[in-house]
Amino acid sequence: TAKLHKILARITYVNNLGNTFARNSTLGIAVKSEPEYSVNIDQSEVFSKKDQGKVVVSFYNTGTSDINFVTLELAENNDFEIFSPKNVYLGNIESDDFESADYNIYVKEVKKEIELKLIAKFKDNYNKEYVKQISLQLKLYTEKDAIKYNLKKAESKASQIIFGMIGILLVAFWVFMMVDCYNSKLSK
């Protein structure tokens, strides 16, 4: 593992007079490895224009050493608005583990995909600080395609017809009431 290892050593040597000496000592060996990671969009509730929902971004530690004090920051973009905190602290991530950050966004524009620009800040086991820029693509669909691929539920035609009929009945009721009031012989 990438850390400072303590090794016990026995050193034996002979001087120029032929005398043998032995000494026990402790050596420190620093094993270093660059942090290895992967960042992905694991889940999304955002599939098309004017969708608002949660996008889950996961930070995976794929290396042999721990990655410490991890924060992810989602950068502003003209394509979407962020309704959740932009900075998310993930903490320490052990080797072969992951942590996730949830962002609540609203998509303004229609495009085939929007770019999520993230800034990852973290430290290795020796407190060396890293700042990495990460770009992830969130694929978007038209409303029709999102429904076709079962990413969104279509509004049922029956509910649209029922709400339309209720609206017509309410308008007709109010028109009838207004005419009835106008024709009424009661005093105003």
Please list, by residue number, everything in segment 119-148 whose backbone N is under 19 Å from a paramagnetic label point 7 Å out along Cα→Cβ of residue 64. 124-128
What range in the chain is the longest one free of GluC sites (Glu not before Pro) that are in a loop by DSSP and have at most 12 other Cβ atoms within 10 angstrom? 1-75
Filter the trypsin sites (Lys or Arg not before Pro) in segment 56-147 down to the DSSP loop ones having no more than 16 other Cβ atoms within 10 Å, then list what survives. 86, 108, 111, 112, 128
With springs only between Cα atoms under 10 Å apart, run a GNM on the chain and tell me which of 19, 150, 127 wobbles the most. 19
Take the Cα atoms of segment 49-142, build their convex hull, and give its volume per residue in Å³. 87 Å³
Relative contact order as a percentage, segment 70-165, C-alpha pairs under 8 Å and 6+ apart, gives 25 percent
Could you provide, to the nearest whole Å², the per residue accessible area of the chain with probe 1.4 Å? 72 Å²
Contour excess over end-to-end distance, with Cα ends at residue 132 and residue 153 and 0.36 nm allotted per residue: 3.8 nm
Got a number for carbon plus sulfur as a percent of the chain's accessible area, 1.4 Å probe? 54 percent
Going down the table (49/123; 108/128; 86/111; 49/132; 3/121; 86/128), which pairs top 31 Å between alpha carbons? 49/123; 108/128
Counting Lys and Arg as +1 and Asp and Glu as -1, each charge on the Cβ, what is the dipole of the chain about the Cα centre in debye, to the nearest 20? 120 debye
Range in the chain, longest, excluding exposed chymotrypsin sites (Phe, Trp or Tyr not before Pro) [loop by DSSP; at most 15 other beta-carbon atoms within 10 Å]: 1-82
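The values are calculated or read from the model by the stated rules, or taken from the named source; none is laboratory data. All figures in this text were calculated on a predicted structure; none of them were measured in a lab. With ideal geometry, Cβ positions are generated from the backbone for all residues, glycine too; neighbour counts draw on all protein chains shown. Just the protein is used for accessible areas: all its heavy atoms, side chains included, with ligands, DNA and RNA removed. Shrake-Rupley method; radii C 1.70, N 1.55, O 1.52, S 1.80 Å.
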